[in-house]
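Scroll down for the structure; my scribbles are underneath it.
Read-outs throughout are calculated quantities, based only on the coordinates presented, and are distinct from any laboratory measurement. These numbers were taken from a predicted model, which means no experiment stands behind them. Glycine gets a Cβ as well: all are built from the backbone with ideal geometry, and neighbour counts include every protein chain shown.
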Amino acid sequence: MKDGIITFSRLPKITSYYSVVGSKEHNGPLGDYFDEWCEGDKFGKDSWEKAESEMQRRALAGALRKGNLVSDSLDVILAGDLLNQCVGSTYGLADFNVPYLGLYGACSTCAESILLASCLYGGGLASLCGAVTSSHYCSSERQFRFPLEYGGQRTPTAQWTTTGSGAFIIGGEGKVSIKNAMVGRIVNKGISDINNMGAAMAPAVIDTLTRYFSESTHSPEDFDLIITGDLGYEGSEIIKDLLLGKGIDIRKNHVDCGLMIFNRDTQDVHAGGSGCGCSAVVMASSIVPNLERGVIKNVLFLGTGALMSPMTLSQGESIPAVAHLVHLSSN
């Protein structure tokens, strides 16, 4: 592979998928397309962290149910979230009793889990894999910023962490194929503003996308959508401008999950949505179904992640980022 494009000996496919969201997400532009939502965002639990675990449990159970599958059919689950030590995933998925690989790629975790599941299937190491991702606005605020009771003011470049979980079953059956993929590199351009994740993650998208077009026969015009998850308004504008300077024009077909999930004019989310669950639920509710139906044929999905922690931020470190790429197509 060596910095290059991953191709698969066996073609992985998205066998099933499911999305679970909170009330704010349900009230957004994609509200009618999510499989399940909760009015109070606690999903019957007594803490935000337990609610996030419950979202993951419901998302994977829903994907299995939709695909007429049982948990015993899974060879492995790959999952991650934004909480320390990925406890949202471990507590939420323990009862499935399936071999488990915990992932932390921040907001890139959805793309990372699909990429790695595709490698396991494509290399003949597994027949059926679960890829699960989540985030919760309230648990993320408590960990990375301030508890909600603090009432802090958010800056214009800040994004709203999505309350949601998306699950995908990767195997040999399905109408959406994972054609190839590319692992992102860690990119750090010195951005240290916790309230401007879009600017921190944009350079990683530029790095991965320029490598992909350089090493493949593809150009931006080959894709119905080039979707990032999730740069929000700030990061989306940055990548379009800087890529244009490199001779790569994605202005006509670029969309961002953080701009799709909320209505910036009516929902007070400032620069848009963010969080591990953002791209997961947008992909599971909108992009993959449209690929299944043939409404769109070819999609590049770049999951973007800011790889910081509360400790590195408190020590004044800048924010490294990564962008993993997955090429999806309708069969």
Next on the checklist: Taking the number of other C-beta atoms within 10 Å as the exposure measure, put 20, 299 in order starting with the fewest.
Outcome noted: 299, 20
Checklist outcome for this item: If each K or R counts +1 and each D or E counts -1, the residues other than residue 48 whose Cβ falls under 10 Å of its Cβ total -1
Checklist outcome for this item: GNM of the chain, Cα pairs under 10 angstrom: of 51, 126, 321, the biggest fluctuation goes to 126
Checklist outcome for this item: Calculated from DSSP helices alone, with each H run of at least 4 adding -39500 (n - 2.57) and the total divided by the residues of the chain, [θ]222 nm to the nearest 500 comes to -9500 deg cm²/dmol
Checklist outcome for this item: The relative contact order of region 5-171, taking Cα pairs under 8 Å that sit 6 or more residues apart, comes to a percentage of 33 percent
Checklist outcome for this item: Taking r as the C-beta separation of residue 297 and residue 47 and R0 as 45 Å, the FRET efficiency to the nearest 0.05 is 0.55
Checklist entry - Within the chain, which complete DSSP H helices have Cα atoms spanning at least 15 Å along the helix axis and a mean Kyte-Doolittle hydropathy of 0.0 or higher? => result 109-122, 197-215, 232-245
Checklist outcome for this item: Classified through the alpha carbon gyration tensor (a ≥ b ≥ c as square roots of its eigenvalues; rounded if a/c is under 1.5, else prolate when a/b is larger than b/c, else oblate), region 138-240 comes out oblate
Checklist entry - If you count the DSSP beta bridges with both ends in region 176-330, what percent of them are antiparallel, to the nearest 5? => result 65 percent
Next on the checklist: Test of understanding: in a Gaussian network model of the chain with alpha carbons linked when under 10 Å, which of 129, 276, 86 would top the mean-square fluctuation ranking?
Outcome noted: 86
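By counting other Cβ atoms within 10 Å of each Cβ, how are 311, 260, 197, 283 ranked from fewest to most?
311, 260, 283, 197
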Checklist entry - How many Lys pairs in the chain lie less than 21 angstrom apart by Cα atoms, where the lysines are 8 or more positions apart or on different chains? => result 16
Item to check | Estimated distance in nm for a label pair at residue 87 and residue 264, the labels positioned 7 Å out from Cα along Cα-to-Cβ | outcome: 3.5 nm
Checklist entry - How much length is gained if the chain between residue 70 and residue 97 is pulled fully straight, taking 0.36 nm per residue apart and subtracting their Cα-Cα distance, in nm to one decimal? => result 8.6 nm
Checklist entry - So what are the ³J(HN,Hα) numbers for region 68-81, from phi and the Karplus equation (6.51, -1.76, 1.60; θ = phi - 60°), rounded to whole Hz, Gly and Pro as x? => result 6, 10, 10, 4, 4, 7, 7, 7, 6, 10, 10, 8, x, 7
